[in-house]
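J.: Have a look at this one.
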């Protein structure tokens, strides 16, 4: 794992822990699931995903229209890309 990937992984892991602790990944949560954005908005050199939130361009573009289940799935995929353990609510 490169140093920049490791730093970005720490950021998204912290964001996921915060959102999980606040109950925002729960199935019964009535507000929209928060974005994984950590304000490091640039694509990898290969253009595969964002270096900050680990979402693909498709995931970023569909985020605003996604329901809670789709947003949780995007979160899970991004955390897997970041090699970060998933909160229990996303497993």
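J.: If I ask for residues that are surrounded by 12 or more Cβ atoms within 10 Å (Cβ to Cβ) and in contact with a helix residue (DSSP H, G or I) (Cβ under 8 Å, 6 or more places away or on another chain), which ones from region 20-43 would you list?
T.: Within region 20-43, 20, 25, 26, 29, 32, 33, 34, 35, 36, 38, 40, 43 meet the criteria.
J.: From the list 54, 25, which residue is within 18 Å of residue 85 (Cβ to Cβ), under 10 Å from the mean Cα position of the chain (by Cα) and part of a loop (DSSP other than H, G, I, E, B)?
T.: Selected residue: 54, the only one of 54, 25 that is within 18 Å of residue 85 (Cβ to Cβ), under 10 Å from the mean Cα position of the chain (by Cα) and part of a loop (DSSP other than H, G, I, E, B).
J.: How many residues does region 57-82 contain that are in a loop (DSSP other than H, G, I, E, B) and either closer than 13 Å to residue 15 by Cβ or in contact with a helix residue (DSSP H, G or I) (Cβ under 6 Å, 6 or more places away or on another chain) (or both)?
T.: Here is the first cut: in region 57-82, the ones in a loop (DSSP other than H, G, I, E, B) are 66-67, 82.
Those still in the list that are either closer than 13 Å to residue 15 by Cβ or in contact with a helix residue (DSSP H, G or I) (Cβ under 6 Å, 6 or more places away or on another chain) (or both) too: 82.
The total comes to 1.
J.: Return the total of residues in region 59-68 being free of Cβ contacts under 8 Å to residues at least 24 places away in the same chain and within 13 Å of the chain's Cα centre (by Cα). Walk me through it before giving the result.
T.: Going through region 59-68, the residues free of Cβ contacts under 8 Å to residues at least 24 places away in the same chain turn out to be 59-62, 64-67.
Now narrow it down to the ones that are within 13 Å of the chain's Cα centre (by Cα): 59-60.
The total comes to 2.
J.: Given the conditions (1) at pLDDT 95 or above; (2) exposed (fewer than 14 other Cβ atoms within 10 Å of the Cβ); (3) over 18 Å from residue 80 (Cβ atoms), which single one is not true for residue 68?
T.: Unmet condition: (2).
J.: Another question about this same structure. Scanning for something in contact (Cβ under 8 Å) with a residue 12 or more places away in the chain, part of a loop (DSSP other than H, G, I, E, B) and surrounded by fewer than 18 Cβ atoms within 10 Å (Cβ to Cβ), does region 8-15 turn up at least one residue? Walk me through it before giving the result.
T.: We begin by selecting, within region 8-15, every residue in contact (Cβ under 8 Å) with a residue 12 or more places away in the chain; these are 8-9, 11-13, 15.
Next, from what is left, pick out any that are part of a loop (DSSP other than H, G, I, E, B): none.
No.
The values are calculated or read from the model by the stated rules, or taken from the named source; none is laboratory data. For clarity, every value in this text was computed on a predicted model and none was experimentally measured. Note that each Cβ is placed from the backbone with ideal geometry, even for glycine, and that neighbours are counted across all protein chains shown.
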